[in-house]
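The values are calculated or read from the model by the stated rules, or taken from the named source; none is laboratory data. Since this is a predicted model, take the numbers as computed values, not measurements. Methodologically, a virtual Cβ is constructed for each residue, glycine included, from the backbone with ideal geometry; neighbour enumeration extends over all protein chains shown. All accessible areas refer to the heavy atoms of the entire protein, side chains included, with ligands and DNA or RNA removed. Shrake-Rupley method; radii C 1.70, N 1.55, O 1.52, S 1.80 Å.
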Amino acid sequence: MADEMTAITQAVARDEIRQLAFAYADAVDRRDLDLLASLYRPDARFGTHGEGAGGARAFFAEALSQIGLAVLLVANHLIEFDPQADSNDPSDSGGPTARGTVWAHGFIDDGNEGFIQQLIKYEDRYIRVDGVWKFTDRRHLLWLGWRHDEPDPLAQAAANWPERQIGLGSIPYDDNHWQEFWAQR
(Lines give C-alpha, C1' and ligand atoms only; values in the text may rest on other atoms or scores of the structure.)
Protein backbone atom coordinates (compact mmCIF):
# COMPACT_ATOMS: atom_id res chain seq x y z
CA MET A 1 0.00 0.00 0.00
CA ALA A 2 1.68 3.13 -1.26
CA ASP A 3 0.32 5.36 1.54
CA GLU A 4 2.18 3.31 4.14
CA MET A 5 5.47 2.91 2.25
CA THR A 6 8.33 5.36 2.59
CA ALA A 7 10.40 6.44 -0.39
CA ILE A 8 13.13 4.03 0.69
CA THR A 9 10.80 1.05 1.08
CA GLN A 10 9.24 1.86 -2.31
CA ALA A 11 12.71 1.95 -3.92
CA VAL A 12 13.61 -1.40 -2.35
CA ALA A 13 10.24 -2.86 -3.40
CA ARG A 14 10.72 -1.64 -6.99
CA ASP A 15 14.08 -3.39 -7.13
CA GLU A 16 12.59 -6.60 -5.74
CA ILE A 17 9.73 -6.45 -8.26
CA ARG A 18 12.15 -5.84 -11.14
CA GLN A 19 14.03 -8.95 -10.05
CA LEU A 20 10.80 -10.90 -10.69
CA ALA A 21 10.89 -9.90 -14.37
CA PHE A 22 14.60 -10.75 -14.64
CA ALA A 23 14.08 -14.12 -12.91
CA TYR A 24 11.11 -14.86 -15.21
CA ALA A 25 13.27 -14.20 -18.29
CA ASP A 26 16.09 -16.36 -16.90
CA ALA A 27 13.70 -19.20 -16.05
CA VAL A 28 12.15 -19.11 -19.54
CA ASP A 29 15.62 -19.07 -21.13
CA ARG A 30 16.75 -22.10 -19.10
CA ARG A 31 13.37 -23.89 -18.80
CA ASP A 32 13.50 -23.79 -15.00
CA LEU A 33 9.90 -24.69 -14.19
CA ASP A 34 10.46 -24.63 -10.42
CA LEU A 35 11.79 -21.07 -10.60
CA LEU A 36 8.86 -20.00 -12.79
CA ALA A 37 6.39 -21.52 -10.34
CA SER A 38 8.06 -19.79 -7.37
CA LEU A 39 7.59 -16.35 -8.94
CA TYR A 40 3.78 -16.45 -8.64
CA ARG A 41 1.58 -16.11 -5.59
CA PRO A 42 0.72 -19.53 -4.12
CA ASP A 43 -2.89 -19.44 -5.35
CA ALA A 44 -2.25 -17.97 -8.82
CA ARG A 45 -4.51 -19.45 -11.49
CA PHE A 46 -3.27 -20.91 -14.77
CA GLY A 47 -6.54 -21.65 -16.57
CA THR A 48 -7.18 -25.31 -17.31
CA HIS A 49 -3.73 -26.17 -15.95
CA GLY A 50 -4.84 -25.47 -12.39
CA GLU A 51 -3.54 -23.12 -9.75
CA GLY A 52 -0.49 -22.68 -7.59
CA ALA A 53 2.91 -24.18 -8.26
CA GLY A 54 1.48 -27.28 -9.95
CA GLY A 55 -0.64 -25.19 -12.31
CA ALA A 56 2.33 -22.98 -13.13
CA ARG A 57 4.57 -25.95 -13.91
CA ALA A 58 1.91 -27.55 -16.13
CA PHE A 59 1.18 -24.28 -17.96
CA PHE A 60 4.82 -23.42 -18.62
CA ALA A 61 5.77 -27.01 -19.50
CA GLU A 62 3.15 -26.97 -22.25
CA ALA A 63 3.90 -23.44 -23.46
CA LEU A 64 7.68 -23.86 -23.50
CA SER A 65 7.46 -27.24 -25.22
CA GLN A 66 6.07 -25.43 -28.27
CA ILE A 67 9.31 -23.50 -28.82
CA GLY A 68 13.02 -24.15 -28.74
CA LEU A 69 15.54 -21.55 -27.68
CA ALA A 70 13.98 -18.41 -26.15
CA VAL A 71 15.96 -15.47 -24.82
CA LEU A 72 14.09 -12.52 -23.31
CA LEU A 73 15.81 -9.16 -22.80
CA VAL A 74 13.88 -7.10 -20.24
CA ALA A 75 13.54 -3.29 -20.42
CA ASN A 76 11.39 -0.26 -19.52
CA HIS A 77 9.92 -1.66 -16.31
CA LEU A 78 7.48 0.79 -14.76
CA ILE A 79 5.93 0.03 -11.36
CA GLU A 80 3.10 1.78 -9.55
CA PHE A 81 2.07 0.91 -6.01
CA ASP A 82 -1.62 0.54 -5.27
CA PRO A 83 -2.86 3.08 -2.71
CA GLN A 84 -4.76 0.47 -0.73
CA ALA A 85 -5.92 -3.10 -1.04
CA ASP A 86 -9.58 -3.56 -1.96
CA SER A 87 -11.12 -5.99 0.50
CA ASN A 88 -13.63 -7.04 -2.19
CA ASP A 89 -10.83 -8.11 -4.53
CA PRO A 90 -10.46 -11.95 -4.44
CA SER A 91 -6.75 -11.58 -5.21
CA ASP A 92 -6.20 -9.52 -2.03
CA SER A 93 -4.24 -11.40 0.60
CA GLY A 94 -3.62 -8.35 2.74
CA GLY A 95 -0.09 -7.59 1.56
CA PRO A 96 1.04 -4.54 -0.40
CA THR A 97 0.13 -4.64 -4.08
CA ALA A 98 1.43 -2.98 -7.22
CA ARG A 99 0.95 -2.92 -10.98
CA GLY A 100 3.51 -2.64 -13.70
CA THR A 101 4.40 -2.81 -17.34
CA VAL A 102 7.59 -4.25 -18.70
CA TRP A 103 8.86 -4.73 -22.25
CA ALA A 104 10.80 -7.73 -23.50
CA HIS A 105 12.70 -8.30 -26.73
CA GLY A 106 12.45 -12.00 -27.48
CA PHE A 107 14.75 -14.11 -29.64
CA ILE A 108 12.81 -17.32 -30.19
CA ASP A 109 13.23 -20.58 -32.09
CA ASP A 110 9.58 -21.18 -32.92
CA GLY A 111 8.64 -24.65 -34.15
CA ASN A 112 6.18 -23.27 -36.71
CA GLU A 113 7.73 -19.98 -37.80
CA GLY A 114 11.48 -20.64 -37.55
CA PHE A 115 13.80 -18.17 -35.82
CA ILE A 116 11.83 -15.06 -34.85
CA GLN A 117 12.12 -11.89 -32.84
CA GLN A 118 9.27 -10.34 -30.89
CA LEU A 119 8.62 -7.15 -28.97
CA ILE A 120 6.40 -8.08 -26.04
CA LYS A 121 4.71 -5.92 -23.43
CA TYR A 122 3.73 -7.54 -20.14
CA GLU A 123 1.04 -6.02 -17.97
CA ASP A 124 1.69 -7.31 -14.46
CA ARG A 125 0.09 -7.29 -11.05
CA TYR A 126 2.23 -7.95 -7.98
CA ILE A 127 1.65 -8.75 -4.33
CA ARG A 128 3.95 -9.13 -1.35
CA VAL A 129 3.40 -12.55 0.23
CA ASP A 130 5.29 -13.51 3.39
CA GLY A 131 7.78 -10.70 2.78
CA VAL A 132 8.45 -11.62 -0.87
CA TRP A 133 7.07 -9.91 -3.99
CA LYS A 134 5.29 -12.30 -6.38
CA PHE A 135 3.37 -12.05 -9.60
CA THR A 136 -0.38 -12.14 -9.14
CA ASP A 137 -0.70 -12.42 -12.90
CA ARG A 138 1.01 -11.45 -16.15
CA ARG A 139 -0.69 -10.44 -19.36
CA HIS A 140 1.48 -11.09 -22.45
CA LEU A 141 0.77 -8.59 -25.25
CA LEU A 142 2.56 -8.89 -28.59
CA TRP A 143 3.48 -5.64 -30.29
CA LEU A 144 5.13 -7.29 -33.26
CA GLY A 145 7.08 -10.30 -34.35
CA TRP A 146 9.24 -10.96 -37.38
CA ARG A 147 10.90 -13.99 -38.87
CA HIS A 148 14.52 -14.31 -39.94
CA ASP A 149 14.31 -16.19 -43.21
CA GLU A 150 17.92 -16.48 -44.33
CA PRO A 151 20.23 -17.49 -42.94
CA ASP A 152 18.75 -19.28 -39.95
CA PRO A 153 21.14 -18.37 -37.10
CA LEU A 154 20.39 -21.67 -35.38
CA ALA A 155 21.58 -23.66 -38.41
CA GLN A 156 25.16 -22.41 -38.01
CA ALA A 157 28.06 -24.60 -37.00
CA ALA A 158 29.34 -24.42 -33.45
CA ALA A 159 31.39 -21.32 -32.65
CA ASN A 160 33.63 -23.12 -30.17
CA TRP A 161 34.11 -19.75 -28.50
CA PRO A 162 36.67 -18.21 -27.99
CA GLU A 163 38.09 -19.91 -31.09
CA ARG A 164 35.39 -18.34 -33.29
CA GLN A 165 33.07 -15.40 -32.64
CA ILE A 166 30.36 -16.52 -35.07
CA GLY A 167 28.30 -19.68 -34.73
CA LEU A 168 26.26 -21.48 -32.08
CA GLY A 169 27.38 -21.23 -28.49
CA SER A 170 26.91 -23.62 -25.61
CA ILE A 171 24.02 -21.89 -23.85
CA PRO A 172 21.35 -22.81 -23.04
CA TYR A 173 22.14 -26.29 -24.31
CA ASP A 174 24.65 -27.08 -21.55
CA ASP A 175 22.40 -25.81 -18.73
CA ASN A 176 21.13 -28.57 -16.41
CA HIS A 177 17.55 -27.23 -16.29
CA TRP A 178 17.43 -27.02 -20.10
CA GLN A 179 18.67 -30.60 -20.47
CA GLU A 180 16.25 -31.91 -17.81
CA PHE A 181 13.29 -30.06 -19.39
CA TRP A 182 13.90 -31.59 -22.82
CA ALA A 183 14.80 -35.05 -21.47
CA GLN A 184 11.29 -35.23 -19.98
CA ARG A 185 9.64 -34.51 -23.33
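Numbers at a glance
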read-out: Residue count for the stretch 107-155, restricted to those that are in a strand (DSSP E or B) and of a type in the set (Asp, Glu); value: 5
read-out: Test: residue in the stretch 131-147 that is open to solvent by 80 Å² or more (accessible area, probe 1.4 Å) and among the acidic types (Asp, Glu); value: no
read-out: Within the stretch 1-56, considering residues that are in a loop (DSSP other than H, G, I, E, B) and under 12 Å from the mean Cα position of the chain (by Cα), the one farthest from residue 109 (Cα to Cα); value: 39
read-out: Residue 162 vs. criteria in a loop (DSSP other than H, G, I, E, B) and surrounded by 13 or more Cβ atoms within 10 Å (Cβ to Cβ); value: no
read-out: Residues of the stretch 165-181 satisfying the condition of being open to solvent by 90 Å² or more (accessible area, probe 1.4 Å) and in a loop (DSSP other than H, G, I, E, B); value: 165, 166, 171, 174
read-out: Cβ-Cβ under 7 Å pairs, at least 6 apart or on other chains, the stretch 137-148 side more than 9 Å from residue 123 (Cβ to Cβ), far side open to solvent by 60 Å² or more (accessible area, probe 1.4 Å) and modelled with pLDDT under 95; value: 147/113
read-out: Residue check, residue 52 open to solvent by 50 Å² or more (accessible area, probe 1.4 Å) and at pLDDT 95 or above; value: no
read-out: Whichever residue in the stretch 64-75 is of a type in the set (A, V, I, L, M) and loosely packed, with under 14 Cβ neighbours inside 10 Å and, among such residues, is nearest to residue 110 (Cα to Cα); value: 73
read-out: Odd one out for residue 79, checked against (1) open to solvent by less than 30 Å² (accessible area, probe 1.4 Å); (2) hydrophobic (A, V, I, L, M, F, W, C); (3) under 15 Å from the mean Cα position of the chain (by Cα); value: (3)
read-out: Candidate set from the stretch 13-40 (those that are of a type in the set (Gly, Ala, Ser) and farther than 19 Å from residue 58 by Cβ); member that is surrounded by the fewest Cβ atoms within 10 Å (Cβ to Cβ); value: 23
